[in-house]
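A.B. asks: Pasting in a structure now, in structure tokens, and then I'll have a few things to ask.
The values are calculated or read from the model by the stated rules, or taken from the named source; none is laboratory data. Everything quoted here is computed from the prediction, not taken from an experiment. Neighbour counts are summed over all protein chains in view; Cβ atoms, including those assigned to glycine, are modelled from backbone coordinates with ideal geometry.
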Amino acid sequence: MERQVALVTGASSGIGWATARALAAGGFRVAVTARRQHRLDRLLAEIVETGAEAAAFPADLGRPEDRERLVAAVRRHWGRIDLLVNNAGFGHYGPTAEIPWDLADRMLAVNIEAVVHLTRLVLPEMLARNSGHIINVASVAGDLVVPPSVLYSATKAFVQAFSEGLDRELRGTGVRVSVVNPGPVRTEFARVSAGLSAEAPAELEQGIPPEQVAAVIVSLLRRPRKRAYVPWYWGAAPWVALLFGWAIDRLFWVWERYRLKPVREIGRPERPA
Ligand SMILES: NC(=O)c1ccc[n+]([C@@H]2O[C@H](COP(=O)([O-])OP(=O)(O)OC[C@H]3O[C@@H](n4cnc5c(N)ncnc54)[C@H](OP(=O)(O)O)[C@@H]3O)[C@@H](O)[C@H]2O)c1
């Protein structure tokens, strides 16, 4: 049987990198994308060394024309896309009024627009074949929207709502949609959110290893589910938001003061003046 093709966005680091490796180990031909070509080349070398098939398609997912080029290039290369993992995304720690508009605009384009656009680009092919899976990486931040990353969290709330609604819309077809909501994961995410270079020392990294999220993504292929939390106990997040939203309103400052303020202070020196 022909091997299935997975397209993984945001594969140059963190969750996307680990997911591409896990899917390749699971027998997929893996198309990886991100902006940093040198990272994709390194990932490719690691995957090919294991005997699996992979190909890199660098793209800036903030740009609609890059998304179209990306999907066309993967189809030219392997003729099909069976699995789309919409993982690329980034955050920013800061008050909403102070985020430079070009950064906010790019966040909306990568975290929301690219998810919708890439989904629309692969969906007709999947529906025609009556099989396929779209897995979107959102976050528990989509359930617990607290400062100082309100805009980021709201983008993830969108991804949760879009994924769950689309899965409902596609019931009765062979196409499944799942949304994965990780808690904190040890990746470059916090450095980028704090305004540091992704290549800066990893002092802000905390949480579970990205491989744990990748393992859950792979498990969704064997046993498709509408939503998954990683680790599982973050599944309490929507209930906490519903039942204790009033308490979050009063108590988020504790989180802000003890966890996020130091994170922002570490980020400050490298920020442009
Ligand atoms: N880490 C966490 O605590 C956490 C928790 C919950 C959810 N998440 C979500 O998990 C996903 C992966 O994040 P991560 O933790 O693995 O962070 P990461 O290590 O910073 O990876 C982010 C990935 O997104 C790519 N990306 C960013 N902007 C892009 C653009 N304009 N075009 C193409 N690719 C772009 C980056 O590649 P280039 O820079 O090379 O383009 C990188 O590969 C994100 O959607 C994030 O919101 C993370």
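A.B. asks: Pick out the one residue from Thr19, Thr33 that is in contact with a Phe, Trp or Tyr (Cβ under 6 Å, 6 or more places away or on another chain) and either at positive phi or surrounded by 23 or more Cβ atoms within 10 Å (Cβ to Cβ) (or both). Spell out the reasoning first.
C.D. replies: Values: Thr19 fails: in contact with a Phe, Trp or Tyr (Cβ under 6 Å, 6 or more places away or on another chain).
Of Thr19, Thr33, the one residue that is in contact with a Phe, Trp or Tyr (Cβ under 6 Å, 6 or more places away or on another chain) and either at positive phi or surrounded by 23 or more Cβ atoms within 10 Å (Cβ to Cβ) (or both) is Thr33.
A.B. asks: Pull out all pairs, ordered by first then second residue, where Cβ-Cβ is under 6 Å, the residues are six or more apart or on different chains, the first lies in the range 130-157 and is over 18 Å from Ser219 (Cα atoms) and touching a residue at least 12 places away in the same chain (Cβ under 8 Å), and the second is near the ligand (Cβ under 10 Å from one of its atoms) and in a strand (DSSP E or B).
C.D. replies: Final answer for the pair search is Val140/Asn181.
A.B. asks: Now, a different point. Quick one: is Trp234 modelled with pLDDT of 90 or more, of a type in the set (Phe, Trp, Tyr) and more than 24 Å from Ala6 (Cα to Cα)? Outline the logic, then answer.
C.D. replies: Working: modelled with pLDDT of 90 or more: yes; of a type in the set (Phe, Trp, Tyr): yes; more than 24 Å from Ala6 (Cα to Cα): yes.
So Trp234 passes the test.
A.B. asks: If Ile217 satisfies all but one of (1) crowded, with 16+ Cβ neighbours inside 10 Å; (2) aliphatic (A, V, I, L, M); (3) within 13 Å of the ligand (Cβ to nearest atom); (4) at pLDDT below 95, what's the number of the condition it fails?
C.D. replies: With respect to (1) crowded, with 16+ Cβ neighbours inside 10 Å; (2) aliphatic (A, V, I, L, M); (3) within 13 Å of the ligand (Cβ to nearest atom); (4) at pLDDT below 95, Ile217 is out only on (4).
A.B. asks: Something else: Select from the range 45-72 the residues that are out of contact with any Ser or Thr (no Cβ under 8 Å at 6 or more places or on another chain) and among the hydrophobic types (A, V, I, L, M, F, W, C) and list them in ascending order.
C.D. replies: The first filter runs over the range 45-72 and keeps only residues out of contact with any Ser or Thr (no Cβ under 8 Å at 6 or more places or on another chain), leaving 45-55, 60, 62-69, 71-72.
Matches in the range 45-72: Ala45, Ile47, Val48, Ala52, Ala54, Ala55, Val71, Ala72.
A.B. asks: Given the options Ala228, Ala194, name the one that is buried (at least 18 other Cβ atoms within 10 Å of the Cβ), farther than 30 Å from Met126 by Cα, away from the ligand (no atom under 11 Å from the Cβ) and hydrophobic (A, V, I, L, M, F, W, C).
C.D. replies: Details: Ala228 fails: farther than 30 Å from Met126 by Cα.
Going through Ala228, Ala194 in turn, just one is buried (at least 18 other Cβ atoms within 10 Å of the Cβ), farther than 30 Å from Met126 by Cα, away from the ligand (no atom under 11 Å from the Cβ) and hydrophobic (A, V, I, L, M, F, W, C): Ala194.
A.B. asks: Next question. For the range 192-218, which positions are in contact (Cβ under 8 Å) with a residue 60 or more places away in the chain and in a helix (DSSP H, G or I)? Explain how you work it out, then say what you get.
C.D. replies: First, pick out the residues of the range 192-218 that are in contact (Cβ under 8 Å) with a residue 60 or more places away in the chain: 192-198, 200, 203-204, 209-211, 213-215, 217-218.
Listed by number, the residues that qualify are Val192, Ser193, Pro210, Glu211, Val213, Ala214, Ala215, Ile217, Val218.
A.B. asks: Moving to a separate point now. Hey, could you check the range 93-105 for residues that are surrounded by 18 or more Cβ atoms within 10 Å (Cβ to Cβ) and not small (Gly, Ala, Ser) and say which is farthest from the chain's Cα centre (by Cα)? Quick ask: steps written out before the conclusion?
C.D. replies: Within the range 93-105, the first condition is being surrounded by 18 or more Cβ atoms within 10 Å (Cβ to Cβ), and the residues that meet it are 93-94, 99.
From what's left, not small (Gly, Ala, Ser): 93, 99.
Details: Tyr93: 17, Ile99: 21 Å.
The qualifying residue farthest from the chain's Cα centre (by Cα) is Ile99.
A.B. asks: On the given criteria, is Thr9 among the hydroxyl-bearing types (Ser, Thr, Tyr), within 8 Å of the ligand (Cβ to nearest atom) and either within 21 Å of Leu123 (Cβ to Cβ) or crowded, with 17+ Cβ neighbours inside 10 Å (or both)? Please lay out each step first, then the result.
C.D. replies: Working: among the hydroxyl-bearing types (Ser, Thr, Tyr): yes; within 8 Å of the ligand (Cβ to nearest atom): yes; either within 21 Å of Leu123 (Cβ to Cβ) or crowded, with 17+ Cβ neighbours inside 10 Å (or both): yes.
When the stated conditions are applied, Thr9 passes them.
A.B. asks: In the range 101-153, what count of residues is obtained for those that are within 16 Å of Asp167 (Cα to Cα) and in a loop (DSSP other than H, G, I, E, B)?
C.D. replies: 3
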